[in-house]
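My questions will all concern the structure given below.
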Amino acid sequence: MTIDYTQKSYWLNAYGPYSPNAPVVGNIAVDVAIIGGGFTGLSTAYFLRKAEPAMKVAVLEGEVVGYGASGRNGGFAMTLFGLEPAVTAMLFGKQRTVEAHHYCERSVDLVRELIREHNIQSDFEYTGFLRLATTPGYVKRIQHDLELLTSLGVTGIEWIDKEKARAELNSPLVLGAWSEARCGILDPAKQVRELKRIAQEVGAVVYEQSPVTEIHRGEKFTLKTPQGTVTADKIVFATNAYSHLIPEIWNKQVPAFTHMVITEPLTKAQLDSIGWKNRQGLEDARNLVHYLRLTVDNRLAIGGSDVTLSYGRDMERDLNENTFQQLEKDTIELFPALKDVKFTFRWGGPVSVTLQMAPAIGMVGDQRAWYSLGCVGHGVAPTHLNGQNLADLLLERKTDLTSIWFVNRKPVSWPPEPLRWVASQALLGYLHTEDWWYERR
């Protein structure tokens, strides 16, 4: 079956004509083979070649660059790690929470640096971020998170009250907000394909439409694809939400599908009515978060509200009519002045969820094989820095990146089906219940 990649997201649809690279054909030998051509895989390839220009590095993308989560997300380069700071602190401790926050700050800075250095054309805007409190319960939740981070020495984030928040965003629901300057918005399909460009410019080779069907481990790794074979000294599973399809790491994460809708370009009158003059990236404080941003041509994109779970190997859960309708309703509830706006595109895509709601980078057997996964929907910026981290790990260098606590942490394993389905539904039910409670406090 031929896949129409342009229907996988608004970003891919708006990108225009795209010619994928040739697939693997015949037998190829490399030093490092990277499975997955998204933000993580392409960043890893770029940093490997920057560090070791003679190293042979190949990226194997099963579909086309941008097909997975990297081409379908909301395009927020932000500092949020995992689900939220309070959850990270409860599960991993306060010190690790602040270390993770600083890692994510560095991730955002890296995205900006790469864009400037390589003139990356991804419509990047360094607009800042508002985490909106829309009920008194969420006011308390956000203020608690802020108090936690500031007590640990984190700076650059402040609480703004209802008056100041509504000066930034004219919505009757807004009661205050977490305000943070360190955040940018970008077009993720353009960003990931620009990462392909810069990885190739430093000498990495990117193969598309080359799904890895078998992996044999011996003195070297042998990776089979439909039309060829790749032999590699080391490998990277840069597969994130698709990692459960790989026998070596199947139990470390599950995919959850998040959904988005986007409007027609807003008129000047419509923009003026919502007061969003500083164009910040927006999220609310729900577990099943809403996230909103403006595009370069002033469309309003909104995602979240709920997620769709899959069973087993099923990865065809992009479309959810109920969630799409809810997102359109939620847009008008947040911005009543947009009651007549037209929505022009709907899509969805998978995010990678570990059982402890936090990212993980780890070895598969020994230092010749590594994986990275579990950004829980906040991976645009961290995946770039994770690529640099993975490059250091593959080169067996001890750096400040490789010493971060979530490298080689042992994620709590998801059980096999049907228990995985039961566990994921139970977790989703808890998140729904907690959201219901906060919305009524």
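Exactly one of these conditions fails for Glu214: (1) assigned by the TED database to the domain that holds Glu84; (2) surrounded by fewer than 19 Cβ atoms within 10 Å (Cβ to Cβ); (3) more than 30 Å from Leu419 (Cα to Cα). Give me its number.
(3)
In segment 312-332, what count of residues is obtained for those that are surrounded by fewer than 16 Cβ atoms within 10 Å (Cβ to Cβ), touching a residue at least 40 places away in the same chain (Cβ under 8 Å) and under 19 Å from His432 (Cβ atoms)?
0
Could I ask something else about it? Out of all the residues in segment 166-196, which are in a helix (DSSP H, G or I) and surrounded by 17 or more Cβ atoms within 10 Å (Cβ to Cβ)?
Result: Arg166, Glu168, Pro188, Ala189, Lys190, Gln191, Val192, Arg193, Glu194, Leu195, Lys196.
Here's another thing I want to ask about it. For segment 73-102, enumerate the residues that are in a loop (DSSP other than H, G, I, E, B) and either in contact with a Phe, Trp or Tyr (Cβ under 6 Å, 6 or more places away or on another chain) or not assigned by the TED database to the domain that holds Tyr242 (or both).
Gly74, Met78
Now for a separate question. All but one of (1) of a type in the set (Phe, Trp, Tyr); (2) loosely packed, with under 13 Cβ neighbours inside 10 Å; (3) in the same structural domain as Met90 (by the TED database) hold for Tyr371; state the number of the condition that does not hold.
Answer for Tyr371: the failing condition is (2).
May I ask you to verify whether Leu148 is more than 28 Å from Leu338 (Cβ to Cβ), aliphatic (A, V, I, L, M) and either touching a residue at least 24 places away in the same chain (Cβ under 8 Å) or in contact with a Ser or Thr (Cβ under 9 Å, 6 or more places away or on another chain) (or both)?
Yes.
Within the group Glu219, Glu283, Glu248, which residue is surrounded by fewer than 16 Cβ atoms within 10 Å (Cβ to Cβ) and outside any helix (DSSP H, G or I)?
Glu219
Still on this structure: For Val364, state whether it is more than 25 Å from Gly37 (Cβ to Cβ) and at pLDDT 95 or above.
No; evaluated as a whole, the condition is false for this residue.
With the structure loaded, tell me whether Leu292 is at pLDDT 95 or above, touching a Leu at 6+ places or on another chain (Cβ under 9 Å) and more than 18 Å from Gly75 (Cα to Cα) or whether it fails that test.
Criteria not met by Leu292.
Matching residues to (1) in contact with a helix residue (DSSP H, G or I) (Cβ under 8 Å, 6 or more places away or on another chain); (2) surrounded by fewer than 24 Cβ atoms within 10 Å (Cβ to Cβ); (3) outside the structural domain of Gly303 (by the TED database); (4) not hydroxyl-bearing (Ser, Thr, Tyr):
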position: Ile361; (1), (2), (3), (4): yes, yes, yes, yes
position: Gly377; (1), (2), (3), (4): no, no, yes, yes
position: Ala391; (1), (2), (3), (4): yes, no, yes, yes
position: Leu395; (1), (2), (3), (4): yes, yes, yes, yes
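So that you can scan it fast, the table gives a plain yes or no per residue for (1) in contact with a strand residue (DSSP E or B) (Cβ under 7 Å, 6 or more places away or on another chain); (2) under 30 Å from Lys252 (Cα atoms); (3) without any contact (Cβ under 8 Å) to a residue 24 or more places away in the chain:
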site	(1), (2), (3)
Ala337	no, no, no
Lys342	yes, no, no
Trp347	yes, yes, no
Ser352	yes, yes, no
Ala360	yes, yes, no
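Which pairs do you get when a residue that is hydroxyl-bearing (Ser, Thr, Tyr), found in segment 175-186, comes within reach of a residue that is assigned to a strand (DSSP E or B) and modelled with pLDDT of 95 or more, reach meaning Cβ atoms under 9 angstrom, with the pair 6+ apart or on two chains?
Ser179/Phe129; Ser179/Leu130; Ser179/Arg131; Ser179/Ile157; Ser179/Glu158; Ser179/Trp159; Ser179/Ile160
Conditions tested, residue by residue: (1) over 20 Å from Ser372 (Cα atoms); (2) at pLDDT 95 or above; (3) over 19 Å from the mean Cα position of the chain (by Cα); (4) of a type in the set (D, E, K, R).
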residue: Asn21; (1), (2), (3), (4): yes, yes, yes, no
residue: Val32; (1), (2), (3), (4): no, yes, yes, no
residue: Gly38; (1), (2), (3), (4): no, yes, no, no
residue: Ala54; (1), (2), (3), (4): yes, yes, yes, no
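So is Gly153 assigned by the TED database to the domain that holds Val296, of a type outside the set (S, T, N, Q), more than 23 Å from the chain's Cα centre (by Cα) and under 20 Å from Ser107 (Cβ atoms) or not?
Criteria met by Gly153.
Spot the failing condition for Glu316; the list is (1) in contact with a Pro (Cβ under 6 Å, 6 or more places away or on another chain); (2) at pLDDT below 95, and only one is missed.
(1)
Oh, and also: So Leu393 clears everything in (1) free of Cβ contacts under 8 Å to residues at least 60 places away in the same chain; (2) outside any helix (DSSP H, G or I) except one condition, right? Which one?
(2)
Residues checked against (1) more than 20 Å from Ala165 (Cβ to Cβ); (2) at pLDDT 95 or above; (3) surrounded by fewer than 22 Cβ atoms within 10 Å (Cβ to Cβ):
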position	(1), (2), (3)
Ala256	yes, yes, no
His259	yes, yes, no
Glu264	yes, yes, yes
Lys268	yes, yes, yes
Ile274	no, yes, yes
Lys277	no, yes, yes
Asp297	yes, yes, yes
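The values are calculated or read from the model by the stated rules, or taken from the named source; none is laboratory data. Quantities reported herein were computed from a predicted structural model and do not represent experimental measurements. A quick note on method: Cβ atoms are made from the backbone with ideal geometry, for glycine too, and the neighbour counts reach across all protein chains shown.
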